[in-house]
Amino acid sequence: MKKILLIAAALCCAAVLSVNGADEKKPEKKGEKKKIELTSDQKALLKEITEKYDANKDGKLDKDERAKISDDDKKKLADAKLPGFGKKKDK
């Protein structure tokens, strides 16, 4: 009887531990970026800026195109708190 109770208790503990482990988020892999959800206002502003400065019409702003963004538009992007367009941190 004691063996059956011991086995049952061990199985319950194993089940609890496996359920708790499944609830936790998987750790991020090195170099993996977090997906950031943008608001509708941020999406609209990003679309507007992309259309305005996308010289090669590939739908993305490359390094040269980003360099040509005016200071006013950079301020708009920073005020909208778009990732990658705020003030740079010193290393």
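Packing around the peptides 53-63, 2-12, 73-83, taken as the average count of other Cβ atoms within 10 Å per residue, puts them in this order, highest first: 73-83, 53-63, 2-12. With the convex hull of its Cα atoms as the shape, segment 40-79 has an orientation-averaged projected area of 2.7 nm².
A short reminder: the numbers here are calculations on the coordinates, not readings from a lab. Being a predicted model, the structure only gives us computed values, none of them experimental. Neighbour counts are summed over all protein chains in view; Cβ atoms, including those assigned to glycine, are modelled from backbone coordinates with ideal geometry.
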